[in-house]
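Enquirer: Encoded as structure tokens, here's the structure I'll be asking about.
The values are calculated or read from the model by the stated rules, or taken from the named source; none is laboratory data. Note that the structure is a prediction, hence the values are computed from the model and not measured. Using ideal geometry, Cβ is built from the backbone for each residue, glycine included, and neighbour counts are taken over all protein chains shown. When the accessible area is computed, the model is the full protein with side chains, heavy atoms only, and any ligands, DNA or RNA have been set aside. Shrake-Rupley method; radii C 1.70, N 1.55, O 1.52, S 1.80 Å.
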Amino acid sequence: MVILETVLDATWEHIVLVYTTLFVSIIVSIPLAFASLYSKKLEFVVMKFANMVQAVPSFAVVAIMVPFLGIGFTPAVVAIMLRALLPIIKNTYIGLSNVDPALIDYAEGVGLSQWQINRHIRLPNAYPAMFAGIKFAGILANSIAVLTAYIGSGGLGEIIFQGLIGYNTRTLLAGAIPAIILAILIDISFTLLEKKVTPGYMK
């Protein structure tokens, strides 16, 4: 029988893994999306790489980390991040590039620098697409974090696999239910954050 303390510890490990990966993915993806606006070559390379990694099965991405990085928390972060990059990069790039050109022309006409245009015009207009990508990446990271238990990341995946191996429904649900709840909370939390930071947010 899985005790409550074990489930709580595994849930905390899972949260740390998912949010660490998501934070790193955001830090990497958003600058790449901005840089891709000004370089078609970079855009091609970034999108091709992200699409290529996305096409590889999640378990294969997790497994290939072992010969290169070993097992544990860090290889798990890298494996999850590789799958989480595409939705954030792609959605952010689409949001940034779909700003009304007339608005950009007006901003340049009144003397705003490119940094000011990106900060005050492109980025706020990109929030809906960007947050959609982040929410999808978060849910994806949550699910792949279960698989990374195979390479020693800890978290709820360990409990789920124990339940599967032992044909123990109670143990399986003790790991699966918190993972499902976390996926819902990720979506809700980023929806609330989007509402707070987006000017004129509409439900």
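Enquirer: Look at residue 189 and say whether it is of a type in the set (Gly, Ala, Ser), free of Cβ contacts under 8 Å to residues at least 24 places away in the same chain and open to solvent by 40 Å² or more (accessible area, probe 1.4 Å).
Expert: Numbers: of a type in the set (Gly, Ala, Ser): yes; free of Cβ contacts under 8 Å to residues at least 24 places away in the same chain: yes; open to solvent by 40 Å² or more (accessible area, probe 1.4 Å): yes.
So residue 189 fits the description; yes.
Enquirer: Answer with yes or no whether residue 75 is modelled with pLDDT of 90 or more and more than 19 Å from residue 134 (Cβ to Cβ).
Expert: Details: modelled with pLDDT of 90 or more: yes; more than 19 Å from residue 134 (Cβ to Cβ): yes.
Here the answer is yes, as residue 75 does meet what is asked.
Enquirer: Those residues that are of a type outside the set (S, T, N, Q) and in contact with an Asp or Glu (Cβ under 9 Å, 6 or more places away or on another chain), I need them from segment 153-203; list them, please.
Expert: Keep residues of segment 153-203 that are of a type outside the set (S, T, N, Q), which gives 154-161, 163-167, 170, 172-188, 190, 192-197, 199-203.
Scanning segment 153-203 gives 154, 155, 156, 158, 175, 201.
Enquirer: Moving on. If a residue has to be crowded, with 19+ Cβ neighbours inside 10 Å, part of a loop (DSSP other than H, G, I, E, B) and in contact with a Gly (Cβ under 8 Å, 6 or more places away or on another chain) to count, how many in segment 147-176 make the cut? So that I can check it myself, show each step before the final result.
Expert: Going residue by residue through segment 147-176, those that are crowded, with 19+ Cβ neighbours inside 10 Å are 147-149, 151, 153-160, 163, 171-172, 174-175.
Next, only the ones that are part of a loop (DSSP other than H, G, I, E, B) stay: 153-155.
From what's left, in contact with a Gly (Cβ under 8 Å, 6 or more places away or on another chain): 153.
Summing the residues that are crowded, with 19+ Cβ neighbours inside 10 Å, part of a loop (DSSP other than H, G, I, E, B) and in contact with a Gly (Cβ under 8 Å, 6 or more places away or on another chain) in segment 147-176 gives 1.
Enquirer: Ok, one more. Here are the criteria: (1) under 27 Å from residue 15 (Cα atoms); (2) over 20 Å from the mean Cα position of the chain (by Cα). Tell me which single one residue 120 does not satisfy.
Expert: Against the list (1) under 27 Å from residue 15 (Cα atoms); (2) over 20 Å from the mean Cα position of the chain (by Cα), residue 120 comes up short only on (1).
Enquirer: I'm checking my understanding of the structure. Among residues of segment 47-59 that are touching a residue at least 40 places away in the same chain (Cβ under 8 Å) and surrounded by 15 or more Cβ atoms within 10 Å (Cβ to Cβ), which one is farthest from residue 94 (Cα to Cα)? Reasoning before the result, please.
Expert: Restricting attention to segment 47-59, the residues satisfying the condition of being touching a residue at least 40 places away in the same chain (Cβ under 8 Å) are 47, 50, 58-59.
Applying the additional criterion that residues be surrounded by 15 or more Cβ atoms within 10 Å (Cβ to Cβ) yields 47, 50, 58.
Values: 47: 12, 50: 15, 58: 25 Å.
Filtering first and then ranking leaves 58.
Enquirer: Here's another thing I want to ask about it. Looking only at segment 98-133, which residues are buried (at least 17 other Cβ atoms within 10 Å of the Cβ) and part of a loop (DSSP other than H, G, I, E, B)?
Expert: Result: 99, single match.
Enquirer: Quick check, is residue 71 more than 17 Å from the chain's Cα centre (by Cα) and without any contact (Cβ under 8 Å) to a residue 24 or more places away in the chain?
Expert: Working: more than 17 Å from the chain's Cα centre (by Cα): yes; without any contact (Cβ under 8 Å) to a residue 24 or more places away in the chain: no.
No.
Enquirer: One residue is enough: does segment 89-108 have a residue meeting the conditions free of Cβ contacts under 8 Å to residues at least 24 places away in the same chain, more than 15 Å from residue 62 (Cβ to Cβ) and among the small types (Gly, Ala, Ser)?
Expert: Looking for residues that are free of Cβ contacts under 8 Å to residues at least 24 places away in the same chain, more than 15 Å from residue 62 (Cβ to Cβ) and among the small types (Gly, Ala, Ser), one finds at least one in segment 89-108, hence yes.
Enquirer: Here's something else I'd like to know. Does segment 139-146 contain at least one residue that is open to solvent by less than 50 Å² (accessible area, probe 1.4 Å), in contact with a Phe, Trp or Tyr (Cβ under 7 Å, 6 or more places away or on another chain), under 23 Å from residue 76 (Cα atoms) and among the β-branched types (Val, Ile, Thr)? Don't jump to the end; show me each part of the working.
Expert: Looking only at segment 139-146, we keep the residues that are open to solvent by less than 50 Å² (accessible area, probe 1.4 Å), and these are 140-142, 144-146.
Within this subset, residues satisfying the condition of being in contact with a Phe, Trp or Tyr (Cβ under 7 Å, 6 or more places away or on another chain) are none.
No: zero hits.
For every residue, the table says whether it meets (1) under 16 Å from the mean Cα position of the chain (by Cα); (2) in contact (Cβ under 8 Å) with a residue 12 or more places away in the chain.
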residue	(1), (2)
8	no, no
11	no, yes
22	yes, yes
27	yes, no
33	yes, yes
61	yes, yes
67	no, no
